[in-house]
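Below is one structure, written out as structure tokens; the observations come after it.
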Amino acid sequence: MTSQEIFDLNDQYVMGTYGRFPVVIDHGEGATLYNPEGKKYIDFTSGIGVSALGYGYEPWVEAITAQAKKVGHTSNLFHLEPPVKLAEILCKRTGMDKVFYANGGSEANEGVMKLARKYSFDKYGKGRHTIITLKNSFHGRTMASLTATGQDSFHNFFFPFVDGYRYANANDLSSLEAVMGDDVCAIMMELIQGEGGILPLDQDYVSAVAALCKEKDVLLLIDEVQSGVGRSGSLFAFQQYDIQPDVVSFAKGIAGGLPMSGFMSNAKCAKVLVPGTHGTTFGGNPICAAAGLVVQETLSDAFLEEVKAKGAYLCKAVEGLNLPCFGKTRGMGLMLGIDVAEGYVNKELAKKLIDNGLLILTAGSGMRMLPPLMVSYEEIDAAIAIMKDVLGG
Ligand SMILES: *Cc1c(COP(=O)(O)O)cnc(C)c1O
């Protein structure tokens, strides 16, 4: 089919939920994608942080194909090899104790919040159920994860929202103390606010929150749906923050392009969810888990060092362009944000770049870059050349 035929079918039959760009993706290789007519795009989006290994990576394709030939799904009533192997690797690499699998980021966070409330119920009884999240955060679009999302613009239309949430300003301990209370069971936060604009939290603040949680037996829940799986230059961003969270959620990059998510808990929280309290039909799907194993094999410590080096190289190259439309850059690893200067609109800049062959994201009021983790220096240089050509004038 041609691009135009696909646009037309989409308009006729698919709900208009997304503000899509007029681009059809047909296939890809490395960090480069092609439309059906053969037009080339450098991909600085990774399908919003999902396609960590880029496109057409042979070991990933082979692992998925091999598992599909064996068995594609069995439910959680039976045991399978790939998800248990993946859980072992995740625990050993992070110091966490046990894993639960789900399918998307919102669903993972729902489970994390259920765990937190039950931990508190088991130990302290009813009423200690409030979860504090940070303003400008993003935790998902299901009813509770949407309530947890600390952005007023999302709290519309779908009333009534879920009870038992309060919000604090990021990087502001007094704001957190002001909403603390005896009814609080958990604090949930992203260490690098992703959708909010690529805003890493301060180390001092994170250490203070961790200490406060410990003192009050309030669970520290870290949402690494976007920052996890190598994106920040370590397997999980919390490993660069010198904390040991109670529960960590992951999703986007975990299976390198297949829908998979989950959360890991420490030993303290590992036995909270017992049979009958939580579950999901597709969770731990063996094809997704087989893909996840390839992601883990690929993300060696040396590979993660490369992610840091490429992120630093990209940041410096963007800064070196001195584009009038761009302000400061920030981020960790290959999770990078660029402020947009006054008088410019991020969505318009994104549209121009995409029209000219560079797929890029926005976040908050700025630009966001999430290239596949195996993006090459040549592809980074090509992307920088497009930015210079398109936005330099
Ligand atoms: C994307 C994202 C989510 C939601 O994930 P979905 O798979 O879209 O449900 C939750 N938290 C963070 C930090 C995210 O970036």
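List of remarks:
- Legend: P(r) of segment 191-300 from all alpha carbon pair distances, 10 Å bins from 0, whole percents, reading 13, 40, 35, 12, 0.
- Average accessible surface area per residue within segment 59-298, 1.4 Å rolling probe, Å²: 42 Å²
- Taking amide H positions as modeled 1.01 Å from N, with prolines and chain starts lacking one, the residues under 5 Å from ALA102 and 5 or more places away or on another chain are SER261, GLY262, PHE263, GLY284.
- Charge context of TYR34, other residues only, Cβ under 15 angstrom, K/R +1, D/E -1: -3
- On the chain, 55 percent of the accessible area sits on carbon and sulfur atoms, based on a 1.4 Å probe.
- In Å², nearest 10: area of SER232 left accessible to a 1.4 Å probe: 0 Å²
- Across PHE157, PHE282, PHE263, mean-square fluctuation computed from a Gaussian network of the chain (C-alpha pairs under 10 Å connected) peaks at PHE157.
- Each Cα pair under 8 Å and six or more residues apart adds its sequence gap; the mean of these over the residue count of the chain is a relative contact order of 23 percent.
- Karplus-derived HN-Hα couplings along segment 206-219 (A = 6.51, B = -1.76, C = 1.60, θ = phi - 60°), whole Hz, x at Gly and Pro: 4, 4, 5, 5, 4, 5, 4, 4, 4, 4, 9, 6, 9, 6
- Annotation note: trypsin sites (Lys or Arg not before Pro) in segment 60-126 located in DSSP loop regions with a Cβ neighbour count of at most 15 within 10 Å are LYS126.
- With at most 13 neighbouring Cβ atoms within 10 Å, loop GluC sites (Glu not before Pro) (DSSP) excluded, longest segment of the chain: 38-341
- Listed residues LEU304, LEU199 arranged by accessible area, highest first, probe 1.4 Å: LEU199, LEU304
- Efficiency of FRET between VAL61 and LYS316 - r from beta-carbon atoms, R0 51 angstrom, step 0.05: 0.95
- Of LYS85/LYS271; LYS135/LYS214; LYS40/LYS70; LYS70/LYS271; LYS135/LYS328, pairs whose Cα-Cα distance is over 29 Å: LYS40/LYS70; LYS70/LYS271
- Comparing VAL24, VAL14, VAL294 in a Gaussian network model of the chain where C-alpha atoms under 10 Å apart are linked, the largest mean-square fluctuation is found at VAL14.
- Taking a Cβ cut-off of under 10 Å around TYR55, the surrounding Lys, Arg, Asp and Glu residues balance to a net charge of -2, with basic ones at +1 and acidic ones at -1.
The values are calculated or read from the model by the stated rules, or taken from the named source; none is laboratory data. Computed from a predicted model, the values in this text were never measured in an experiment. For neighbour counting, all protein chains shown are included, and Cβ atoms are generated from backbone atoms with ideal geometry for every residue, glycine included. These accessible areas exclude ligands, DNA and RNA; they are computed on the full protein's heavy atoms, side chains included. Shrake-Rupley method; radii C 1.70, N 1.55, O 1.52, S 1.80 Å.
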